Amino acid sequence: MAQRITSEFHRYSTAREVAAGHDLAGRTAIVTGAATGIGVETARALAEAGADVVIAARKPDLAREVIVDIDRTAPGRTSFEALDLSDLASVAAFGERWGGRPLNLLVNNAGVMACPLAYTTDGLEMQIGTNHFGHFRLAVLLTPSLVAGAQAAGVSSRVVSLSSIGHLRSDIRWEDPHFRQGGYEKWTAYGQAKTANSLFAVGFHHRHHDQGVTANAVMPGGIMTPLQRHLPIEEQRAMGWLDEHDQPVEGFKNTEQGASTSVWAALAPELEGVGGLYLEDCAEAVPWTPEHPREGVRSYALDPDSADRLWELSLETTGNV
């Protein structure tokens with residue numbers, strides 16, 4: 001690989017620390033799923049840096065509580081728009097409401113993890129349907145706005161795609177991504193969805209960087225948030241996530257630390273014009289090795305041929321032809 005991109009920040013840096021010193025006045029950001037978890041801290045850090053931040057989420061009551069909280073330190077910079085990524089009609093409606101307004105940052109933060117077998121409104125397996133296909137359609141619809149944002153600001157617009165160490169669990173199941181032939185396993189489904197999030201960044205950057213729009217994938221780290229809603233505490237204990245007092249073990253981050261790499265991907269000057277990468281702990285990830293199994297990125301999650309194949313499948317699946 002080329003010289004690895006790193007930063008002054010580290011595993012436990014916070015979103016606010018990463019955003020400090022940045023002036024985002026006049027810039028607009030959309031953060032999906034920012035009514036809970038690390039999305040809240042991503043939205044907060046961007047708003048406090050001066051951006052107008054749109055929380056795109058399913059639950060208006062939770063989002064409004066977040067907005068009231070953020071407005072204490074960034075008054076008037078945060079708003080809500082309804083978006084259900086498991087329903088492509090909802091995604092299309094969001095895009096129509098957005099229109100041609102310039103956009104500078106799109107943080108595809110929302111996600112579903114390790115849920116029982118379920119299908120979206122459009123008949124897609126819930127995890128890849130929500131985590132990848134919903135975000136894919138959103139990004140495609142908003143691409144003209146991202147291009148306009150780059151032209152207006154004079155710097156690249158950026159797309160941040162939230163992946164996970166969970167990508168290690170599975171490449172894309174090309175022959176049956178929606179488990180229609182049976183054999184559903186929740187962690188395999190999550191793994192391929194997170195691989196898809198990384199491949200999306202590769203494919204999007206390849207297609208749009210010459211228009212001033214870049215994309216990178218982010219591994220935020222282990223954080224206890226509502227993302228674990230489908231995991232009984234007994235399973236979390238068995239996986240070694242909790243200690244004898246049912247507290248997160250060493251290595252887990254709090255939500256503000258978990259949002260730091262997303263904010264770094266959105267703002268870092270060393271990433272201006274740079275994309276198609278998988279980032280973790282505020283740096284470009286190293287290649288995965290058996291000697292260090294809990295860090296790094298597998299080659300299949302950055303493979304340009306797979307990214308092209310997934311792009312075509314996504315166009316066909318979401319109707320963006």
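The values are calculated or read from the model by the stated rules, or taken from the named source; none is laboratory data. These numbers were taken from a predicted model, which means no experiment stands behind them. Positions of Cβ are backbone-derived with ideal geometry, glycine not excepted, and every protein chain shown enters the neighbour counts.
From the list Leu141, Leu88, Leu62, Leu117, which residue is modelled with pLDDT of 95 or more and surrounded by 19 or more Cβ atoms within 10 Å (Cβ to Cβ)?
Working: Leu141 fails: surrounded by 19 or more Cβ atoms within 10 Å (Cβ to Cβ); Leu62 fails: surrounded by 19 or more Cβ atoms within 10 Å (Cβ to Cβ); Leu117 fails: surrounded by 19 or more Cβ atoms within 10 Å (Cβ to Cβ).
Within the list Leu141, Leu88, Leu62, Leu117, the selection yields Leu88.
Kindly indicate which of Gly33, Gly50, Gly37 is within 16 Å of Asn131 (Cβ to Cβ) and surrounded by fewer than 23 Cβ atoms within 10 Å (Cβ to Cβ).
So the residue among Gly33, Gly50, Gly37 that is within 16 Å of Asn131 (Cβ to Cβ) and surrounded by fewer than 23 Cβ atoms within 10 Å (Cβ to Cβ) is Gly37.
Quick check, is Leu24 closer than 14 Å to Ala266 by Cβ and over 19 Å from the mean Cα position of the chain (by Cα)?
The answer is yes for Leu24.
Only one of Arg16, Arg44 is under 20 Å from the mean Cα position of the chain (by Cα), among the basic types (Lys, Arg) and farther than 30 Å from Ser86 by Cβ; which? Full working, then the answer.
Working: Arg44 fails: farther than 30 Å from Ser86 by Cβ.
Answer to the selection: Arg16.
If I filter region 151-166 for residues that are under 17 Å from Val54 (Cα atoms) and among the small types (Gly, Ala, Ser), do I get at least one hit?
Looking for residues that are under 17 Å from Val54 (Cα atoms) and among the small types (Gly, Ala, Ser), one finds at least one in region 151-166, hence yes.
Write out, first by first residue and then by second, each pair whose Cβ atoms fall under 8 Å of each other, whose residues are 6+ apart or on separate chains, and whose first residue, in region 1-24, is more than 12 Å from Val263 (Cβ to Cβ) while the second is at pLDDT 95 or above and part of a helix (DSSP H, G or I).
Close Cβ pairs (under 8 Å, with a partner that is at pLDDT 95 or above and part of a helix (DSSP H, G or I)) amount to Ile5/Glu270; Ile5/Leu271; Arg11/Gln257; Tyr12/Gln257.
Quick one: in region 202-225, of everything that is part of a helix (DSSP H, G or I) and out of contact with any Gly (no Cβ under 6 Å at 6 or more places or on another chain), which residue is surrounded by the most Cβ atoms within 10 Å (Cβ to Cβ)?
Going residue by residue through region 202-225, those that are part of a helix (DSSP H, G or I) are 202-211.
When the remaining residues are screened for being out of contact with any Gly (no Cβ under 6 Å at 6 or more places or on another chain), the result is 203-204, 206-208, 210-211.
Details: Gly203: 23, Phe204: 28, His206: 16, Arg207: 16, His208: 21, Asp210: 7, Gln211: 16.
Of everything passing the filter in region 202-225, Phe204 is surrounded by the most Cβ atoms within 10 Å (Cβ to Cβ).
Which one of Arg97, Arg11 is of a type outside the set (S, T, N, Q), on the phi < 0 side of the Ramachandran plot and either buried (at least 16 other Cβ atoms within 10 Å of the Cβ) or assigned to a loop (DSSP other than H, G, I, E, B) (or both)? First the steps, then the outcome.
On the way: Arg97 fails: either buried (at least 16 other Cβ atoms within 10 Å of the Cβ) or assigned to a loop (DSSP other than H, G, I, E, B) (or both).
Result: Arg11 is the single residue among Arg97, Arg11 that is of a type outside the set (S, T, N, Q), on the phi < 0 side of the Ramachandran plot and either buried (at least 16 other Cβ atoms within 10 Å of the Cβ) or assigned to a loop (DSSP other than H, G, I, E, B) (or both).
How about region 296-321: which of its residues are over 18 Å from Ala193 (Cβ atoms) and buried (at least 21 other Cβ atoms within 10 Å of the Cβ)?
none
Okay, residues lined up against (1) of a type in the set (Phe, Trp, Tyr); (2) under 16 Å from Gly319 (Cβ atoms):
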| residue | (1), (2) |
| --- | --- |
| Asp87 | no, yes |
| Trp98 | yes, no |
| Pro102 | no, no |
| Asn109 | no, no |
| Gly129 | no, yes |
